[in-house]
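Q: Before I ask anything, let me first share the structure, which is written out below as structure tokens.
The numbers here are math on the coordinates, done by the rules we state, and not lab data. Remember, it's a predicted structure, so these values are computed and weren't measured experimentally. Counting neighbours? That spans all protein chains shown, and the Cβs are built from the backbone with ideal geometry, glycine included.
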Ligand SMILES: [Zn+2]
């Protein structure tokens, strides 16, 4: 399967994550690859939960993944983990402020994700960005999932190593979780590599796309 690079034409990207480390876990390598192909791309990173500690870790991680972070944007909210559906109106209000970014590409959770906070943000992304390209990313979790991705971004060994290192170095509070380790992050990307006929990859679900000349 031949691959096509879409990143060179992208000017502004919005990454949406319910929890502080979601974006990096789901698409950390894609961020690195996008910045490699197109260093001019403007990254907007929006996280919707977390306390002071988690936010500090999130900022450290953002700075690690995005060079010259001051030229990009990190927005962090503090909605209670697991309670997004009961705070829908407030979350939606916060979400509205992202509209003005007018991104070329939006990364959000997939609507088939079993985590309620992830699903809320996925639905809001589709409600809010109706003329935009949206890629839905996947997060490994206890619930498991039976989602078939249909879009892949191949990654180098070096990029996978960097994703694992940056995640573990930044998110000190998460290291005690049994799943938060290099083996998880690497094996998911290896599996996506098998699915896309390469060594490592990150996978997405794309529901619709409008192609111009
Ligand atoms: Zn999450």
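Q: For the stretch 86-137 and the stretch 10-27, what is the centre-to-centre distance using only Cα atoms, to the nearest Å?
A: The stretch 86-137 and the stretch 10-27 have Cα centres separated by 11 Å.
Q: Report the Cα-based extents of the stretch 14-76 along its three principal axes, largest first, to the nearest Å.
A: That works out to 33, 22, 16 Å along the principal axes.
Q: For q = 0.15 Å⁻¹, what log10 I(q)/I(0) does the chain give under the Debye formula with an equal point scatterer on each alpha carbon and no solvent?
A: Relative scattering, expressed as log10 I(q)/I(0), comes to -0.95.
Q: Working out 0.36 nm times the residue gap between residue 195 and residue 181, then minus their Cα-Cα distance, what length gain in nm do you get to one decimal?
A: Length difference between fully extended and current span is 2.8 nm.
Q: Say each of residue 71 and residue 87 gets a label point 7 Å from the Cα, pointing the same way as Cα to Cβ; how far apart are those two points in nm?
A: 3.3 nm
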